Amino acid sequence: MTDGGVSIEGQVAPGFEPMREAFAANFRRPGDFGEVGAAVAVYRHGRCVVDLWGGHADRARTRPWTRETLVNVWSATKAAAAVAVARLVDQRLFAYDDPVASVWPEFAQAGKAGVTVGQAVSHQAGLPGFVEPTRLEDLYDWAGCIAKLERQTPAWTPGTETSYHAMTFGFLAGEIVRRVAGVSPGAYIAREIAGPLRADIVVGLPDALEPRVAETLGPKRPPTRPDFPQSDIARSALINPATGPLVPNRRAWRAAELPAANGQASAQGLARLYAALADGGVLEDARILSPQAVARLTAPAAPPGRRDQFLGFVDCWAMGLMLNTPGLYGPNPESFGHSGWGGSFGCADPATGLSIGYVCNQMGPDLTDDPRAASLCAAVAACV
């Protein structure tokens, strides 16, 4: 199928035909959200019902997007890190209510002895950004970033406030994984999650996969200011260091392990991860979590009514995944997922057994309210 000069490839199962039009419409969008290259995959109860891709993997439009194209999915990476922590909890190696310091003793410094694993992965730890001066290149120094977080005093009493830990989430969750599993977070995700699920999600990209990665294209205009007051503490999540939209095109960024932001994934990769979560932790012949672990992973982490100081959403966080109280992931309030800066996202609706993975290289300007995600989630819901 060719739509507006863009070839839409792939298949849809009977009953999901509207998804082809919804996907193609993203390439025709005027203004900020018109796609250059993208892919969408949908699973229902473990069966792939939508598998579409189109457009180009580079600004010059010389490289066609394929089913295997990977792209930096920014914070959609956090879902894989959250599942890694959940898997270790499921194995009873620690609990969400345990202090982080029980597996990472040095973390207890500067008033953090009581910070729990659950608080660390639900953006309640009071460490939304680095306090010590940090350059972009410093993010590639895992040991250095961990030492900074060990020395840092929480910005609030942990557990009493919530504010999105945009980059520090990955170091917190990743170091917990590293301390317990004995391997880096990227290696653990590959071995225990992405590998068994046959899901293309890579944290720490090897040289051999570089040819599959799409060029990231920055937003066409600067982000709009939020319509609620943001504190300096909340804004610290993105300013020290500032990570510009084009850093994913650098080899150093792709090679590093940044479990909060530098996952390289395909639509199939995200959809297969969430397909397992939608069906109680299992996909095909691979079980990554028990049903009880999925329920704990997706349970609300904070008292009702608390607002995230950075995002403005109320009651939005589980144990590293975003709950659907803002309505980002279709009509079912029990859905959950995680979105990335620019438009890529994954989500699951356990009531219908649906999962969606969407990846794109044309970044939108804002962290939330991307119309591409909204239209695709609405189209899937209408099919069911």
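The values are calculated or read from the model by the stated rules, or taken from the named source; none is laboratory data. Since the model is a prediction, treat every value here as computed from it, not as a measurement. Cβ coordinates were reconstructed from backbone atoms using ideal geometry, including for glycine residues, and neighbour counts include every protein chain displayed. These area figures cover heavy atoms from the full protein model, side chains too; ligands, DNA and RNA do not enter into them. Shrake-Rupley method; radii C 1.70, N 1.55, O 1.52, S 1.80 Å.
Using the Cα coordinates of the stretch 238-384, the gyration tensor eigenvalues translate into equivalent-ellipsoid semi-axes of 24, 19, 17 Å, sorted from longest to shortest. Normalised by 2.2 N^0.38 Å, where N counts its residues, the alpha-carbon radius of gyration of the stretch 262-335 equals 1.21.
Normalised radius of gyration (Cα atoms, divided by 2.2 N^0.38 Å) for the stretch 70-170: 1.07. Taking only protein heavy atoms and a 1.4 Å probe, the accessible area of the chain is 55% carbon and sulfur.
Take peptides 37-50, 180-193 and line them up by average Cβ neighbours within 10 Å, highest first, as a rough protection proxy.
Most protected by this proxy first, the peptides run 37-50, 180-193.
Peptides 309-318, 62-71, 244-253, 163-172 ranked from most to least packed give 163-172, 309-318, 62-71, 244-253, packing being the mean of other C-beta atoms within 10 angstrom over each peptide's residues. Backbone amide hydrogens, once placed in the peptide plane, bring V49 within less than 5 Å of V42, Y43, R44, excluding anything fewer than 5 places away on its chain. A 1.4 Å probe run over the protein chains yields, for the chain, 37 Å² of accessible area per residue, whole-number rounding.
What FRET efficiency do you get for E284 and A95 if R0 is 35 Å and r is their Cβ-Cβ distance, rounded to the nearest 0.05? For E284 and A95, the calculated efficiency is 0.75. Counting every Cα pair in the stretch 10-98, what percent are over 24 Å apart? Roughly 41 percent, rounded to a whole number. Sparsely packed loop sites in the stretch 77-148 (the trypsin sites (Lys or Arg not before Pro) outside DSSP H, G, I, E and B with at most 11 other Cβ atoms within 10 Å) comprise R92, R135. Counting only Cα atoms, the chain measures 59, 43, 40 Å along its principal axes, largest extent leading.
In the stretch 137-186, Rg over Rh equals 0.99, where Rg is the alpha-carbon radius of gyration and Rh the Kirkwood radius from pairwise Cα distances. For K112, the lysines whose Cα falls under 18 Å of its own Cα, not counting residues fewer than eight places away in the same chain, are K148. Normalised by 2.2 N^0.38 Å, where N is the number of residues, the alpha-carbon radius of gyration of the stretch 110-215 equals 1.19.
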